[in-house]
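K.L.:
Here you go, one structure.
The values are calculated or read from the model by the stated rules, or taken from the named source; none is laboratory data. Source: prediction; values computed, not measured. No Cβ is skipped: glycine too gets one built from the backbone with ideal geometry, and neighbour counts run over all protein chains shown. Note: areas computed on protein heavy atoms with side chains; ligands, DNA, RNA excluded. Shrake-Rupley method; radii C 1.70, N 1.55, O 1.52, S 1.80 Å.
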Amino acid sequence: RAPWASAWAKSKKGSGLALVGSILRCEGSALSKNDLDRANRASEAMRSALRKAGIRNSFARAFCSITMSQATSMAVQMAGIGAMRPNCFLIALPKEAQLCAMSDAEREDFVCSLKTVISARMTLMVL
């Protein structure tokens, strides 16, 4: 179940172009084959969710990064081409238990991700 896919389908009535990305944390301090395999599986799961939601014009890709803010910065800068550049960025708010388990550095990294999207003048949507 992918609430982001059904929200997109309802808001756009299946029209428009959806560029969907997912950020996975690297398991170590560098990218590994296992990280790439996880990213490929996540990409395929997102493509499947988009098809099930009836969204035809879409691209989905998951990628790994050591920090969320680094990945957010990459995603904001790399997504789209010219006029087909996305204007919205959807990010999941960590659940209360996840927030409590985060270190101060991880919380700061999350806030830095939000600031990155705002600095790029994109609409920030929090799920």
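K.L.:
What single numbered condition from (1) open to solvent by less than 30 Å² (accessible area, probe 1.4 Å); (2) outside any strand (DSSP E or B); (3) at pLDDT below 90 fails to hold for Trp4?
P.N.:
(1)
K.L.:
All but one of (1) surrounded by fewer than 14 Cβ atoms within 10 Å (Cβ to Cβ); (2) touching a helix residue (DSSP H, G or I) at 6+ places or on another chain (Cβ under 9 Å); (3) more than 24 Å from Cys26 (Cα to Cα); (4) of a type outside the set (Ser, Thr, Tyr) hold for Leu127; which doesn't?
P.N.:
Against the list (1) surrounded by fewer than 14 Cβ atoms within 10 Å (Cβ to Cβ); (2) touching a helix residue (DSSP H, G or I) at 6+ places or on another chain (Cβ under 9 Å); (3) more than 24 Å from Cys26 (Cα to Cα); (4) of a type outside the set (Ser, Thr, Tyr), Leu127 comes up short only on (3).
K.L.:
For the stretch 76-91, what are the residues that are free of Cβ contacts under 8 Å to residues at least 40 places away in the same chain and under 21 Å from Pro3 (Cα atoms)?
P.N.:
Asn87, Cys88, Phe89, Ile91
K.L.:
I need the full set of residues from the stretch 57-81 which are over 29 Å from Glu108 (Cβ atoms) and either touching a helix residue (DSSP H, G or I) at 6+ places or on another chain (Cβ under 9 Å) or open to solvent by less than 40 Å² (accessible area, probe 1.4 Å) (or both), in order please.
P.N.:
Ser58, Phe59
K.L.:
Which count do you get for residues in the stretch 32-56 that are in contact with a strand residue (DSSP E or B) (Cβ under 7 Å, 6 or more places away or on another chain), under 11 Å from Ala18 (Cβ atoms) and open to solvent by 30 Å² or more (accessible area, probe 1.4 Å)?
P.N.:
Adding up the residues that qualify gives 1.
K.L.:
Can you go through Ser113, Ser73, Ser58 and tell me which one is free of Cβ contacts under 8 Å to residues at least 60 places away in the same chain, within 16 Å of Ala2 (Cα to Cα) and of a type outside the set (Phe, Trp, Tyr)?
P.N.:
Ser58
K.L.:
Considering only the stretch 38-127, give the strands (runs of 3 or more DSSP E) lying wholly within it that have at least 1 residues that are of a type in the set (Val, Ile, Thr). Even if it seems obvious, please write down each step before you answer.
P.N.:
Working: elements: 58-65, 88-91, 123-126.
By residue number, 88-91, 123-126.
K.L.:
Just checking, how many residues over the stretch 82-104 are more than 20 Å from Thr116 (Cβ to Cβ) and modelled with pLDDT under 85?
P.N.:
Going through the stretch 82-104 one residue at a time, the tally reaches 3.
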